[in-house]
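What follows is a single structure, written as structure tokens, with notes after it.
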Amino acid sequence: MSNRFKFALSLLAITATSVPATIVSAETDDAEKSAFREAVKFGFSGEAIQGGVMIGDAPAGTRSLTFEGVPVPVDEDGKFIIAFNRDAGQAANLVATLDNGQTVRKFINIAPRNWKIEHVAINRRATTRSAAFLALRGPELEQIGAARSIHSGSNGWRQSFIWPAKGRISGMFGSQRIYNGDPGSYHSGVDIAAPTGTYYVAPADGVVTLAASSPFTLEGNLLMIDHGMGLNSAFLHSSEILVREGQQVKRGDPIGRIGATGSATGPHLHWSMKWNDARIDPILLTGPMD
């Protein structure tokens, strides 16, 4: 049984002993029921929306938690994080199992987004990858996957996120082209256009999990940071990376410089975020740029 739930029960006990016996009966039963109902509720901040993130408070006495059947870690104070993929369905199921074996379920209705979709009346060009490209790409994807599997224990996920750089937003999360009915891949992050060499900073505390020693074929100089609890950031196309793998960074620390390395048509910072396998919209964590 958690300390929070024990504390709630102790308050109820104190109330019961301090009220005359003739008054306690029905009123105390109602108070106990009300306190229990409050103790086993979920609490949330954030939006249940495609590409969104929510910070939750688990019910008192939670032993384990699952989101759509997948285990979710819960911090010592009962806080946890969940997120909704860009193409998440209309609802999701959150289940807490309490110390006494009871389960508490929460069905979350997920709001849809109106994505910027551009219909193009041309056929998408067939792309072929050379053997040399494929030979490079395989190990790069392995490095990215390994970086995302690192759980650093950082508490950055609990912070208010800031923009890593200021500039013109040249690409929005979730936008997509449809070529004669054939959908292309959607844009997985937000693009911030700024001159080459412009510093960008850590949007929240974290640990560097990947700092490319040489440009990746598509991402260029790639930097990745784990913010804890499965939440991570990736920064693409850097002209320079200023931190090393394993380094702890604080929100606002300079971590790189904007560039146009890899597959980029001009200098910009592509900032993408994931919570486990869910791609999420950074602007829903930062709010609009000032």
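The values are calculated or read from the model by the stated rules, or taken from the named source; none is laboratory data. Every value quoted in this text rests on a predicted model; they were computed, and no experiment measured them. No Cβ is skipped: glycine too gets one built from the backbone with ideal geometry, and neighbour counts run over all protein chains shown. We work out accessible area using only protein heavy atoms, side chains counted, and drop any ligands, DNA or RNA first. Shrake-Rupley method; radii C 1.70, N 1.55, O 1.52, S 1.80 Å.
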### Summary
Taking segment 195-219 and keeping only residues that are more than 23 Å from the chain's Cα centre (by Cα) and either closer than 24 Å to Phe84 by Cα or not hydrophobic (A, V, I, L, M, F, W, C) (or both), one is left with Pro195, Thr196, Gly197, Thr198, Tyr199, Ser213, Ser214, Pro215, Thr217
#### Entry: Candidate set from segment 245-259 (those that are of a type in the set (D, E, K, R), closer than 30 Å to Phe80 by Cβ and over 18 Å from the mean Cα position of the chain (by Cα)); member that is most open to solvent (accessible area, probe 1.4 Å)
Glu245
### Selected residue [surrounded by fewer than 20 Cβ atoms within 10 Å (Cβ to Cβ) and on the phi > 0 side of the Ramachandran plot] from Gly262, Gly230
Gly262
### Query
Residues that are closer than 22 Å to Met172 by Cα and open to solvent by 70 Å² or more (accessible area, probe 1.4 Å): which strands (runs of 3 or more DSSP E) entirely in segment 44-140 hold 1 or more of them?
117-120
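Take the residues in segment 269-290 that are polar (S, T, N, Q) and in contact with a Gly (Cβ under 8 Å, 6 or more places away or on another chain), then tell me which one is most open to solvent (accessible area, probe 1.4 Å). Quick ask: steps written out before the conclusion?
Residues of segment 269-290 that are polar (S, T, N, Q), as a first pass: 272, 276, 286.
Checking the rest, the ones that are also in contact with a Gly (Cβ under 8 Å, 6 or more places away or on another chain) come to 272, 276.
Working: Ser272: 6, Asn276: 68 Å².
Filtering first and then ranking leaves Asn276.
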### Task
For segment 145-160, indicate whether the set of residues that are under 22 Å from His270 (Cβ atoms), among the aliphatic types (A, V, I, L, M) and touching a Ser or Thr at 6+ places or on another chain (Cβ under 7 Å) is non-empty.
yes
